[in-house]
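Since the structure comes first, as structure tokens, the remarks are kept for the end.
The values are calculated or read from the model by the stated rules, or taken from the named source; none is laboratory data. Here the structure is a predicted model, which means the values were calculated and not measured. So basically every Cβ, Gly included, is an ideal-geometry build from the backbone, and we count neighbours across all protein chains shown.
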Amino acid sequence: MNLIIFSLNAVARFPHPEIEKCMREALTEFGLKPNSNQHFPQDLNILQAFKAYCKKEHKVKIDEEQLELLVKYFSKKVKKLFLADDDLFEIRPGVQSLFGEIENQKGWKYGIISHLDANTSQFILQSCGVFSKGKLTLCAEEGPNYKEQISRLSKRVEKNSVVPKVHFFSLETEHNLAEETTLMLPEKSKKEKNYFTYRRFEEYFKKGKKNKKKKNK
């Protein structure tokens, strides 16, 4: 069994500076006043980012109810951002075709993990034409970091106690991943920032066995 995992950033293209802006606006609506230059590392779990910011900058320890409200404000800001400019969110070229190819491979599965909350993640995916209902998807609520999310996703597809071989598509190299996880960095465009196109399945992996459809007698 092989499991291919994609980070949200490797599936959908959206500008991190705009996400940071939405985070600052959410904190402002929550009652805090972040510096206009306040930055949050890309791919950092948003729940962890908000808790760490409140504790470090304002010496405030927020509870789960407050965190839920803060994330709700954030998600609302992201949706408003999309309504103002829907070109900010784009599907990565070729990823949908790669999904389809993986689905036709015997012994291969794929899933998506996200550093953002479930509501925002699903909104971004659906805005880009990725309707992940029924797909393996884990968001910020289900793991504080990619390593934990990958572990949980791996256990979900485990069959007969056989741990799948994990391949992880991500744009970043700074991940504390398990040794058994193979990090795959898509080849980025030299001309345009944050842009790349996925190639065919066979160009990344050895040709797998396609599922054979039963023929009607």
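Taking the range 22-38, which residues are closer than 23 Å to residue 170 by Cα and touching a Pro at 6+ places or on another chain (Cβ under 9 Å)? First the steps, then the outcome.
Of the range 22-38, the ones closer than 23 Å to residue 170 by Cα are 22-23.
Matches in the range 22-38: 23 only.
Which ones in the range 155-170 are under 28 Å from residue 93 (Cα atoms) and of a type in the set (Val, Ile, Thr)?
Residues satisfying the conditions are 157, 166.
Please verify whether residue 173 is under 24 Å from residue 89 (Cα atoms), assigned by TED's automatic domain parsing to the domain that holds residue 9 and crowded, with 21+ Cβ neighbours inside 10 Å, treating the condition exactly as stated.
The answer is no for residue 173.
How many residues are in contact with a Lys or Arg (Cβ under 6 Å, 6 or more places away or on another chain) and either farther than 30 Å from residue 159 by Cβ or among the polar types (S, T, N, Q) (or both) if we restrict to the range 74-108?
Going through the range 74-108 one residue at a time, the tally reaches 2.
Give me the pairs: first residue in the range 1-22 and within 18 Å of residue 153 (Cβ to Cβ), second residue in a helix (DSSP H, G or I) and of a type in the set (Phe, Trp, Tyr), beta-carbon distance under 7 Å, and six or more apart or on different chains, which are they?
Final answer for the pair search is 7/146.
Restricting to the range 193-217, what's the tally of residues that are more than 20 Å from the chain's Cα centre (by Cα), in a loop (DSSP other than H, G, I, E, B) and at pLDDT 70 or above?
3
Within the range 91-109, identify whether any single residue is within 19 Å of residue 46 (Cβ to Cβ), surrounded by fewer than 19 Cβ atoms within 10 Å (Cβ to Cβ) and in contact with a strand residue (DSSP E or B) (Cβ under 7 Å, 6 or more places away or on another chain), and answer yes or no.
No: zero hits.
Can you spot a residue in the range 56-78 that is closer than 30 Å to residue 167 by Cα, at pLDDT below 95 and outside any loop (DSSP other than H, G, I, E, B)?
no
Could you list, in sequence order, the residues of the range 44-78 that are in contact with a Cys (Cβ under 6 Å, 6 or more places away or on another chain) and surrounded by fewer than 17 Cβ atoms within 10 Å (Cβ to Cβ)?
The one that is in contact with a Cys (Cβ under 6 Å, 6 or more places away or on another chain) and surrounded by fewer than 17 Cβ atoms within 10 Å (Cβ to Cβ): 60.
Taking into account only those residues within the range 19-43 that are modelled with pLDDT of 95 or more and among the acidic types (Asp, Glu), which is surrounded by the fewest Cβ atoms within 10 Å (Cβ to Cβ)?
29
Quick one: would you say residue 183 is at pLDDT 85 or above, aliphatic (A, V, I, L, M), in the same structural domain as residue 123 (by TED's automatic domain parsing) and within 13 Å of residue 4 (Cβ to Cβ)?
Yes, satisfied.
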